[in-house]
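Structure record follows, encoded as structure tokens.
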Amino acid sequence: MSTQSYESPFCTRYASREMQYLFSADKKFTTWRKLWVALARAEMQLGLPVTQAQVDELEANIENIDYAAAAEFEKERRHDVMAHVLAYGKICPNAAGIIHLGATSCYVGDNTDIIIMRDALQVIKRKLIKVISQLAKFADKYKALPCLAYTHLQPAQLTTIGKRATLWCNELLMDLEDLDHRLHSLKLLGSKGTTGTQASFMELFEGDTDKVKELETRIAKEMGFDAVVPVSGQTYSRKIDYQVCSVLAGIAQSASKFSNDIRLMQSFKEMEEPFEKNQIGSSAMAYKRNPMRDERITSLARYVMCDVLNPAFTAGTQWFERTLDDSANKRISVAEAFLGTDAILNIMLNVTDPECGFVVYEKIIRRRVMAELPFMATENIMMDAVKKGGNRQELHEKIRQYSIQAGKRVKEEGLDNNLCELILADPIFQITPEEMEHIMKPENFIGRCPQQVEEFIANCVQPVLDANGVSDDKAEISV
């Protein structure tokens, strides 16, 4: 590891080795060579003067990359694709003359980008499904545990811990749906030539349109695609990069919502993310247990959400059939969008792990519920009193006065909420201590939360898990 040059934190701290490989030089340039093999093979099959021996020589040397030679050629020629054509030809002398026949640089560059995005989306999908599965287990476990629900970050009514987890899970399912759509609609650029007209291939095949079209079909099939884009300039539309990165930004949005909720709940001491035996929360305050994993999710998610602006501007500023102002930007922004999203999901795999993830403090949650429940129970108390012959308006005014009195006691004097005691002492409500105790059960105020969780898992989550399976991915966290 060099200590005198910049190294991306995505490589040293955040992204998995698997995702890093997909954006590595080996993945990129071996894919270039596979595309050159596919091109040569299809051209041979369709009658051009390419021999099986030449195809075999190219295929045998896909991974035999002389990076030093390529670097020297690029320094001399100032062209990365031609540098690798020459480096490939150097180790494949019999096939050197037919490498890249009829193609332009984007044949290898753009097709490789599509292939890498496809492979990276499949990694993201696998991890996303595992996170959804783990969140669903968590939701089911705590589907009936009452907790405070908030609007405007003010206690409003009750929900359950499990029901809240379904909100996180549901947004990830929405992201998965978007990812599937984008993954299934990805198409290879194909062999479109310098400005997308396929003129060079029409020349090679002496005007035979059917062979030019068949060439693309065969290349796409060899590279694992059902289709190529219908029309293009020299490049595939850069909107594709934007659409793919938008899927990743969507996952980042959901992850940020999730991590912010966890950070708030940890502040309330209701839940905690994992905290290891020798972990240090603060260099100054030894007692601290900071939610550093979820803070990292929030931080990385912010980066990925902002990063989607790069392909948006790139797509909107292309000139005619192509310009090269996309290249430097897209090789950074697309890669980092994937590396960032991969890092986010790695952390989510960790904090949602059923065996070593979230810690839920049920007694703290109960205490916080009971501190607010008297206010929330007043409508039920009022309705019961009306059934016994009370005047709804008079009862409402009494509750308003007692609520102000109890609230002042809590906020100004730091004492417990005594609203129930005030109501019990007033004969207008005609309520006994036993009736009050029955009303004041938190489980009476969670509506259909347990059933909603069960229905959500059965109807929305389980079909996804059944259709895709769940991987055995474990979180890969460096720090």
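A few notes on this one:
- Taken over region 127-158, the criterion of being polar (S, T, N, Q) and either part of a helix (DSSP H, G or I) or in contact with a Phe, Trp or Tyr (Cβ under 9 Å, 6 or more places away or on another chain) (or both) is satisfied by Ser133, Gln134, Gln157.
- Taking the listed residues Asp113, Asp119, Asp140, the one that is of a type in the set (Asp, Glu) and crowded, with 22+ Cβ neighbours inside 10 Å is Asp113, with no other qualifying.
- Cβ pairs under 9 Å, 6+ apart, first in region 401-416 and exposed (fewer than 11 other Cβ atoms within 10 Å of the Cβ), second among the acidic types (Asp, Glu) and not in a helix (DSSP H, G or I): none
- Among the residues of region 1-52, the ones that are in a helix (DSSP H, G or I), under 26 Å from the mean Cα position of the chain (by Cα) and within 24 Å of Ala220 (Cβ to Cβ) come to 6 in all.
- Of the listed requirements (1) in contact with a helix residue (DSSP H, G or I) (Cβ under 9 Å, 6 or more places away or on another chain); (2) surrounded by 13 or more Cβ atoms within 10 Å (Cβ to Cβ); (3) farther than 16 Å from Ala425 by Cα, Lys398 misses just one: (3).
- Of the helices (runs of 4 or more DSSP H) that lie entirely inside region 321-418, not one contains 1 or more residues that are on the phi > 0 side of the Ramachandran plot, out of contact with any Pro (no Cβ under 6 Å at 6 or more places or on another chain) and basic (Lys, Arg).
- Filtered by the rule that a residue be surrounded by fewer than 23 Cβ atoms within 10 Å (Cβ to Cβ), of a type outside the set (A, V, I, L, M, F, W, C) and either in a helix (DSSP H, G or I) or touching a strand residue (DSSP E or B) at 6+ places or on another chain (Cβ under 9 Å) (or both), region 252-269 gives Gln253, Ser256, Lys257, Asn260, Asp261, Arg263, Gln266, Ser267.
- Which listed residue is within 14 Å of His100 (Cβ to Cβ), surrounded by 21 or more Cβ atoms within 10 Å (Cβ to Cβ) and touching a residue at least 60 places away in the same chain (Cβ under 8 Å), from Leu22, Leu39: Leu39
Yes or no, residue by residue, for (1) at pLDDT below 95; (2) within 24 Å of the chain's Cα centre (by Cα):
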{"position": "Glu276", "(1), (2)": "yes, no"}
{"position": "Ile280", "(1), (2)": "yes, no"}
{"position": "Ser283", "(1), (2)": "yes, no"}
{"position": "Met292", "(1), (2)": "yes, yes"}
{"position": "Ile297", "(1), (2)": "no, yes"}
{"position": "Arg302", "(1), (2)": "no, yes"}
{"position": "Asp307", "(1), (2)": "no, yes"}
{"position": "Thr323", "(1), (2)": "yes, no"}
{"position": "Gly340", "(1), (2)": "no, yes"}
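- Selection over region 53-70 of residues that are free of Cβ contacts under 8 Å to residues at least 40 places away in the same chain, surrounded by fewer than 18 Cβ atoms within 10 Å (Cβ to Cβ) and assigned to a helix (DSSP H, G or I) gives a count of 5.
- Qualifying residue in region 197-216 (condition: small (Gly, Ala, Ser), out of contact with any Gly (no Cβ under 9 Å at 6 or more places or on another chain), under 20 Å from Gly109 (Cβ atoms) and not in a helix (DSSP H, G or I)): no
The values are calculated or read from the model by the stated rules, or taken from the named source; none is laboratory data. Here the structure is a predicted model, which is why all the values come from computation and not from measurement. Cβ sites come from the backbone with ideal geometry, for glycine too, and all protein chains shown count toward neighbours.
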